[in-house]
Amino acid sequence: MVSVGECSARAETYGDLRLKRYVSPLYRKNRRVLRRMYEANLLPCAYCGLPIDFSAPPDAPLSFTVDHVIPVAAGGSDMMDNLVGAHKACNRAKSDHLATQVKESTRVKPTKRWW
Ligand SMILES: [Zn+2]
């Protein structure tokens with residue numbers, strides 16, 4: 001017989017497993033290559049055109065992220081031609097929308113501050 005305490009412990013374990021997201025090896029590789037390319041050439045954010053802060057912590061709004069131009073949810077691939085470098089904030093504002101669907105008003109206007 002399973003007690004209530006055991007059930008909740010199992011649910012939490014299951015919950016932890018569900019939080020992990022599958023990241024394809026191709027995406028992982030292309031993300032590394034793209035970051036190197038953006039950092040070496042000081043390329044700006046693909047969405048707002050402002051410089052990316054490569055020294056910022058990963059959760060900072062102006063830090064570097066890789067975005068799928070055509071979202072995976074809309075059938076986009078992990079191939080290099082579907083990936084661009086963007087600020088974390090711009091990437092988050094775009095979410096699962098196509099780049100052309102992002103309304104100007106929802107775009108983030110980054111500043112030099114990153115906190
Ligand atoms: Zn940006």
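Before moving on, here are some points about what is shown:
- Taken over the range 45-76, the criterion of being near the ligand (Cβ under 10 Å from one of its atoms) and assigned to a loop (DSSP other than H, G, I, E, B) is satisfied by 45, 46, 47, 48, 49, 50, 51, 52, 61, 62.
- In the range 85-99, residue surrounded by the fewest Cβ atoms within 10 Å (Cβ to Cβ) [restricted to those that are assigned to a helix (DSSP H, G or I) and within 9 Å of the ligand (Cβ to nearest atom)]: 93
- Within the range 88-115, the residues that satisfy the criterion of being at pLDDT 90 or above and touching a Pro at 6+ places or on another chain (Cβ under 6 Å) are 88, 89.
- Pairs linking a residue in the range 68-95 that is closer than 13 Å to residue 34 by Cβ to a residue that is basic (Lys, Arg) and more than 16 Å from the ligand (Cβ to nearest atom), with Cβ atoms under 8 Å and 6 or more positions apart or on different chains, are 83/31.
- Which listed residue is surrounded by 12 or more Cβ atoms within 10 Å (Cβ to Cβ) and modelled with pLDDT under 95, from 52, 70: 70
The values are calculated or read from the model by the stated rules, or taken from the named source; none is laboratory data. This structure is a prediction, so every number in the text was calculated from the model and none was measured. In this analysis, Cβ positions are derived from the backbone assuming ideal geometry, glycine residues included, and neighbour counts consider all displayed protein chains.
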